[in-house]
Amino acid sequence: MADPIVYVGQRIAAAFAKVGGAAAVGVDTAVRASDRADAQVNGSLALAKAMGLKPHEVATKVLEVADLKDICSDAQVAGPGFINLTFNNQFLARELMSSSVSDKLGVRNATKPCNVVIDYSAPNVAKEMHVGHLRSTVIGDALVRMLTFVGNTVVRENHVGDWGTPFGMLIEHLVDSGETHAANELSVGDLDSFYRSARKKFDESEPFQARARARVVLLQSGDAETLRLWKLLVAESTRYFQMIYRTLGVLLEDTDIMGESSYNKLLPQVVERLGKLKMLTTSDGAEVVFAEGFVNRENQPLPLIIRKTDGGYNYATSDLACVIDRVERLNADLLLYVVGAPQAQHLQMVAAVAKQAGWLQAPREMVHVSFGNVLGADKKMLKTRSGDTVKLDALLTEAVERAAAAVSEKNPELSDAAKTNIARIVGLGAVKYADLSTDRIKDYTFDWDRMLSFDGNTAPYLQYAHARICSIFRRANIDRASVRNFSPTIAHPAERNLAMRVLQFDSALWDTIDKYSPHRLCTYLYDLAANFSSFYEQCPVLKAETETERDSRLMLCDLTARVMQTGLGVLGIEAPEQM
RNA sequence: GCCCUUGUAGCUCAGUGGAUAGAGCACCGGACUUCUAAUCCGUUGGUCGUAGGUUCGACUCCUACCAAGGGCGCCA
């Protein structure tokens, strides 16, 4: 356990228990980072109230009892009864060592590793991926990496929209266009025009509508020729998705696709099982479940529609099938849904019904990792100048182009190959980081200049800090791995700030995981970069006063770089060695 | 109409019931013969939407209201 704050927390909690006895139960004895010392403890005020004593007295007693000699150089009561703790430098050095030689840089493994199924990305077949898919894909990818990093088994599921009524019209349009021509159109990535043409025909031509409807029936009844045409559409789209995922550098693969169609066989079972449980009600000709606590406009109970009046299933049925499949086939303990905020009520209803049916029993749980929209400068949904949705591949291309211009300007000596690679890493990193670094629940404003800026809470700033460290080792021709056993000595304040920050990686990552909020790790990494930049200005490494100091700083630099690289890594962002 | 989310500096955003609410941008002023100045250091800037309540203590929890966005029966 590397984080000094977590470490001292155990001793403080023990001291509180000793002082307060039964009164200390339920009192928040948490140790927190402080701007007045290294850490502060506020629990004395609450405990004093419970015991009818003065907070200052309680704090004093806690300090008398607490065993802090080996880790704190200073511990005192301040203000009304706060305890301020200052760690001694030997303790910090020891913790840095343990972090440096640990394969996970001091990050604790999950106490109970579990099976996590993450549902994310979810583009639609025969439709372009746009900025709306960016958030789900990028946030989902970061969660996959973080949860895997701490020892969980993670299953990626890409719930692609590959089924339903639109496929009637898409298949008929495919027939009209001719398969070869359609395949060409789809393979150049111009999926939207294919979809729009189909839609246009559907809206304008009644005979076409009739054909489309008949085709849906054929598709659902498993007609071989129809399925063949459908698979053609799916295959072209899958190739396109994979191209985007590779460009974006996310972990999703073809084999992660579990489209809506995958659950077809389970749908009748959902109805059957709900029927047996006597949960189904017929309402306006549809078979529905009334989950408690949900009402419609007229304040009447709001149903979850399992089977439509026409006998077809809809997305609620398929989402329930998903729950069953993930729990019973994949043995999922935790089901994450990285899905936009508008789906909140739907997912709540699905969860409520799944629980009521006994398919989702505690401690298994379903969590909606909800997120807001990407906005343009006008505060409305991000659109192109002509008012169209922004295509994801165009957005990524522009990001890399903009980064390339910046790289050429700032570091013209780099080889063309290096420039190309760095531009790719910086451009994609900027886009991903902009998405990850604000609280996912909120909408965020998309702004090229800000995300590619080298100042502030941006990917390039963090990547630059990492590149500078690499540069130190490259200049001096020192092997990074060779300094990892060096014993650090903490002397300079900037050195100390950096050390403290490095040691907080564990708690920052866990805090991020507990809340499924990548922006918390971003904030930490930004602070780390800022602490490093400050250190870099004030503390010469290669020209340190003594060899001991030099070795110590080399060790601290290497550890900082590894935390940065690993931290960015679990966010799905690369850290180049040169910029 | 009911429900959900959001509201913090001019702008973009952090903020775990705790002490004096923090960054970045912008503005203004400094620091390159130096391990990458793509950086650093400093100044200026606040009714935490409004009003109550709970609490030793509230940006944080509760209630009401205001504003913005979203959801509310057979699309997904």
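Okay, here's what the table says:
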{"quantity": "Out of A:Gly275, A:Gly293, A:Gly311, sole residue that is of a type outside the set (Phe, Trp, Tyr), closer than 23 Å to A:Gly222 by Cα and not assigned by TED's automatic domain parsing to the domain that holds A:Lys231", "calculated": "A:Gly311"}
{"quantity": "Subset tally (residues that are near RNA strand B (Cβ under 7 Å from one of its atoms) and either among the basic types (Lys, Arg) or part of a helix (DSSP H, G or I) (or both)) for region A:437-469", "calculated": "7"}
{"quantity": "From the options A:Gln242, A:Gln269, A:Gln209, residue that is polar (S, T, N, Q), open to solvent by 70 Å² or more (accessible area, probe 1.4 Å) and part of a helix (DSSP H, G or I)", "calculated": "A:Gln269"}
{"quantity": "For A:Ile478: the one exception among (1) β-branched (Val, Ile, Thr); (2) touching a Ser or Thr at 6+ places or on another chain (Cβ under 9 Å); (3) within 12 Å of RNA strand B (Cβ to nearest atom)", "calculated": "(2)"}
{"quantity": "Positions within region A:276-308 being small (Gly, Ala, Ser) and either in a loop (DSSP other than H, G, I, E, B) or exposed (fewer than 12 other Cβ atoms within 10 Å of the Cβ) (or both), in sequence order", "calculated": "A:Gly285, A:Gly293"}
{"quantity": "Breaking point among (1) within 14 Å of RNA strand B (Cβ to nearest atom); (2) under 27 Å from A:Arg246 (Cα atoms); (3) touching a strand residue (DSSP E or B) at 6+ places or on another chain (Cβ under 7 Å), for A:Leu392", "calculated": "(1)"}
{"quantity": "Number of the exception - A:Trp163 against (1) under 21 Å from A:Cys322 (Cβ atoms); (2) surrounded by fewer than 16 Cβ atoms within 10 Å (Cβ to Cβ)", "calculated": "(2)"}
{"quantity": "Total residues in region A:113-124, condition in a loop (DSSP other than H, G, I, E, B) and either closer than 30 Å to A:Phe241 by Cα or modelled with pLDDT under 95 (or both)", "calculated": "5"}
{"quantity": "Count of residues meeting criterion [within 15 Å of A:Ala122 (Cα to Cα), within 12 Å of RNA strand B (Cβ to nearest atom) and among the aromatic types (Phe, Trp, Tyr)] in region A:239-297", "calculated": "1"}
{"quantity": "For A:Met169: the one exception among (1) aliphatic (A, V, I, L, M); (2) under 25 Å from A:Gly569 (Cβ atoms); (3) assigned to a helix (DSSP H, G or I)", "calculated": "(2)"}
{"quantity": "Residue within region A:421-434 that is open to solvent by 50 Å² or more (accessible area, probe 1.4 Å) and farther than 17 Å from A:Gly572 by Cα present", "calculated": "no"}
{"quantity": "The lone exception for A:Phe87 - which of (1) open to solvent by 20 Å² or more (accessible area, probe 1.4 Å); (2) farther than 30 Å from A:Gly222 by Cβ it fails", "calculated": "(1)"}
{"quantity": "Any chance A:Ala110 is in contact with a Gly (Cβ under 6 Å, 6 or more places away or on another chain) and more than 18 Å from A:Asp393 (Cα to Cα)", "calculated": "yes"}
{"quantity": "Matching option when the condition is surrounded by fewer than 21 Cβ atoms within 10 Å (Cβ to Cβ), within 16 Å of the chain's Cα centre (by Cα) and farther than 18 Å from A:Gly569 by Cβ, among A:Asp449, A:Asp443, A:Asp455", "calculated": "A:Asp443"}
{"quantity": "Residue ID - nearest to the chain's Cα centre (by Cα), chosen from residues in region A:351-386 that are closer than 30 Å to A:Tyr444 by Cα and of a type in the set (D, E, K, R)", "calculated": "A:Glu365"}
{"quantity": "Per-region count, region A:34-61, residues surrounded by 15 or more Cβ atoms within 10 Å (Cβ to Cβ) and closer than 29 Å to A:Asp527 by Cβ", "calculated": "12"}
{"quantity": "Yes/no for A:Pro80 being surrounded by fewer than 18 Cβ atoms within 10 Å (Cβ to Cβ), in contact (Cβ under 8 Å) with a residue 12 or more places away in the chain and over 26 Å from A:Ala491 (Cα atoms)", "calculated": "yes"}
{"quantity": "Residue check, A:Ile305 more than 16 Å from RNA strand B (Cβ to nearest atom), farther than 30 Å from A:Ala399 by Cβ and under 34 Å from the mean Cα position of the chain (by Cα)", "calculated": "no"}
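One line per residue, one yes/no per condition, for (1) touching a residue at least 40 places away in the same chain (Cβ under 8 Å); (2) more than 25 Å from the chain's Cα centre (by Cα):
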site	(1), (2)
A:Ile244	yes, no
A:Glu260	yes, no
A:Asn264	yes, yes
A:Val271	yes, yes
A:Asp284	no, yes
A:Val295	no, yes
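Yes/no per residue for (1) touching a Cys at 6+ places or on another chain (Cβ under 7 Å); (2) within 27 Å of A:Thr86 (Cα to Cα); (3) among the aromatic types (Phe, Trp, Tyr):
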site	(1), (2), (3)
A:Leu436	yes, no, no
A:Ile441	no, no, no
A:Pro488	no, yes, no
A:Glu495	yes, yes, no
A:Val502	no, yes, no
A:Thr512	no, yes, no
A:His519	no, no, no
A:Leu528	no, yes, no
A:Glu537	no, yes, no
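The values are calculated or read from the model by the stated rules, or taken from the named source; none is laboratory data. Please read these numbers as outputs of a predicted model, since none were measured by experiment. Methodologically, a virtual Cβ is constructed for each residue, glycine included, from the backbone with ideal geometry; neighbour enumeration extends over all protein chains shown. Heads up: the accessible areas ignore ligands, DNA and RNA and are worked out on the full protein's heavy atoms, side chains in. Shrake-Rupley method; radii C 1.70, N 1.55, O 1.52, S 1.80 Å.
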